[in-house]
Amino acid sequence: MNISILNFNKFDHEFFMREALKEAERAGKRGDRPIGAVIVHNGDIISLSSSKYRTMDSNVAHAENTAIFNCASYLKKYGRECTIYTTVEPCIMCLTTIVMAKIKNIVFALEDKYMNMSPFINSNPYIVERIDNYIGKVLEVESIELYRKYAPHDLDIMTKIYN
């Protein structure tokens with residue numbers, strides 16, 4: 001059994017998700033999408049960030065990406081032992097960035113039904129082999145409440161299944 005799985009099972013996932021929710025609140029208050037991300041190694045937060053989509057005027061300034069960029073050199077050495085917590089299920093861009101950063105454990109709050117990531121993940125052996133844990137719905141209600149407060153239209157899009 002590898003180290004990331006051993007550490008993963010010992011973590012208080014709700015504690016770290018609450019830290020991500022604090023970042024999401026900061027994003028919502030400044031006019032960005034209320035999404036936060038926290039990267040943890042051996043029980044310590046090594047990076048945290050929030051969506052900067054609007055404030056940086058960038059389509060790639062997602063919470064997960066900016067958290068990864070904040071500690072990229074650290075992840076090069078320890079990524080396989082890290083967990084990322086994010087208040088919304090990672091989109092296709094963020095998920096592939098997480099995988100390329102070698103982060104093997106992903107915990108999220110709100111499932112993004114619009115992105116519908118499960119079929120993508122399950123159809124891609126490269127990704128399946130590089131993710132040890134993919135856990136959703138951790139403090140999902142709290143994430144939904146932030147979306148209701150700061151971005152209700154986005155919440156409607158993310159929580160409906162489109163055909």
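The values are calculated or read from the model by the stated rules, or taken from the named source; none is laboratory data. Remember, it's a predicted structure, so these values are computed and weren't measured experimentally. Accessible surface areas use protein heavy atoms only, side chains included; no ligands, DNA or RNA. Shrake-Rupley method; radii C 1.70, N 1.55, O 1.52, S 1.80 Å.
Annotation: PHE69 carries an accessible surface of approximately 140 Å², with a 1.4 Å probe and no ligand, DNA or RNA atoms counted.
Rg of the Cα atoms in region 78-163, relative to 2.2 N^0.38 Å, amounts to 1.11.
For LYS76, LYS104, the ranking by accessible surface with the largest value first comes to LYS76, LYS104, using a 1.4 Å probe. Could you check what % of the DSSP bridge pairs in the chain are antiparallel, to the nearest 5? Expressed as a percentage, antiparallel bridges in the chain total about 60. P(r) tail, region 1-117: Cα-Cα pairs separated by more than 16 Å, 55% of all pairs.
Calculated on the alpha-carbon coordinates, the convex hull of region 63-105 measures out at 58 cubic angstrom per residue. Per residue, region 36-162 exposes 49 Å² of accessible surface when a 1.4 Å probe is rolled over the protein heavy atoms with every protein chain present.
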